[in-house]
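The values are calculated or read from the model by the stated rules, or taken from the named source; none is laboratory data. Note that this is a predicted model, so its numbers are computed, not measured. With ideal geometry, Cβ positions are generated from the backbone for all residues, glycine too; neighbour counts draw on all protein chains shown.
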């Protein structure tokens, strides 16, 4: 039985769709609803049911042979007349609905918020809106009162200024005001934040006639802004506290570290007597090496805290960039040889003096080259290139090391971020080296670009102004692609220094 019912429903639905389609084509695109199809279907069924009754009624008069076709003709005519009348009624009803004017008051009553119409002096003439009940009672029936009387005393001046802007020719104005309300136990406040959007209505000569005011409850937005300001202040306070803590700890650690380094140098020099055996000398050397490493970490943390706090001052001076590059190469040459790495330095001919903070540039070179050596395996090559391009000094440090995964490149340069950031990492360091480099480059108004391929190596290119700190530091916009591995142009002669020996007692590089 259920199957037959479903079949019947589907058949009726299909008949209704076919009938609607046919009626719309006959009515030249008139829109009909499914309920109209139901009415027409009922008329058709009634006509079919009327056919046997008409046949029985006509049989005594004309006989069976003429009664059946005559009844069919009369039933069909009646059905068509009823359908035509029904379609006419439906079309007339739709036309009335389409052309019926909409009352402006009814329209405004369905607009979100509260809509006020003011005269040129700011007196409320009418009030409507869907959310009138949500606003205080003073605004629900404000006709005849000045809008300024409905807002808080301290907000009347901004509202008056907004109205003056409209009188002076402005098309619209937006102002945030507070509306007084009675004690609200649920909301826990006596003032409600409201955003007033004012639009000018002018006559043909441009004179202000009326003002349309749209009021909307802005309490949630105001609360979000207040919460955001509080969170931002808390974050800034925590950031400053962290910077002060790092600076204080760094200063406190440097004093004992300098003592450790000084006394270890005295012991290593055997100024007050010879050490008994080689193991003692080895231990003293390890103490000296560990202290130097810890001091470099402390100094890097101190520099980072100064940069973040905005207290790092650059001391710019002219100096030969070739000397800075050679100093970096000489300081790291012994470390590179110990790992079986070839360290090269290349400076383009004609590149003489630059104006920058020499200590900062030296630190940039040491950190970049030190990182390259650290992440390059035995038999690899690390290159330091310097060349002038336009008004910029381009320094490129490339290596044939392990490379960096694409998902890690965006994180490189953030404080304490490392390529291997897990407990099983194979490389030492605090992750502050590149962060310090980016900070120093930004202070000079330069750019920092990194490109890497896993298993092939990494290229880091920085650009610094040749004639001092740039007045408009770069925000790291688009730059040209880096050649991988980098090569100096043949037209620019180069001075190449490869595998030069360095004295064993030369101070080690300060790397993080």
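For a quick check of your reading of the model, give me the residue pairs whose first member lies in segment 241-260 and is under 15 Å from residue 300 (Cα atoms) and in the same structural domain as residue 298 (by TED's automatic domain parsing), whose second is exposed (fewer than 12 other Cβ atoms within 10 Å of the Cβ) and modelled with pLDDT of 80 or more, with beta-carbon atoms closer than 9 Å and at least 6 apart or on different chains.
Final answer for the pair search is none.
Quick one: residue 401 ticks every box in (1) within 13 Å of residue 343 (Cα to Cα); (2) in a helix (DSSP H, G or I); (3) at pLDDT below 90 except a single one, so which number is it?
Single failed check for residue 401: (2).
Please state which one of 414, 418 is outside any strand (DSSP E or B), modelled with pLDDT of 60 or more and exposed (fewer than 14 other Cβ atoms within 10 Å of the Cβ).
Of the residues listed, the single one that is outside any strand (DSSP E or B), modelled with pLDDT of 60 or more and exposed (fewer than 14 other Cβ atoms within 10 Å of the Cβ) is 414.
I need every pair where a residue in segment 394-413 that is within 30 Å of residue 354 (Cα to Cα) has its Cβ under 6 Å from the Cβ of a residue that is crowded, with 21+ Cβ neighbours inside 10 Å and at pLDDT below 85, sequence separation at least 6 or different chains.
Taking only residues 6 or more apart or on different chains, the pairs are 412/434; 413/434; 413/435.
Within the bounds of segment 318-333, is there any residue that is modelled with pLDDT of 90 or more and on the phi > 0 side of the Ramachandran plot?
Among the residues of segment 318-333, not one is modelled with pLDDT of 90 or more and on the phi > 0 side of the Ramachandran plot, which makes the answer no.
Yes or no, residue by residue, for (1) over 34 Å from the mean Cα position of the chain (by Cα); (2) farther than 23 Å from residue 452 by Cβ; (3) assigned to a strand (DSSP E or B):
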position	(1), (2), (3)
354	yes, yes, yes
360	no, yes, no
363	no, no, no
367	no, no, no
372	no, no, no
376	yes, no, no
383	yes, no, yes
388	yes, yes, yes
393	no, no, yes
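Please pick out the residue among 253, 302, 314 that is under 44 Å from the mean Cα position of the chain (by Cα), assigned to a loop (DSSP other than H, G, I, E, B) and within 30 Å of residue 243 (Cβ to Cβ).
Going through 253, 302, 314 in turn, the sole match is 314.
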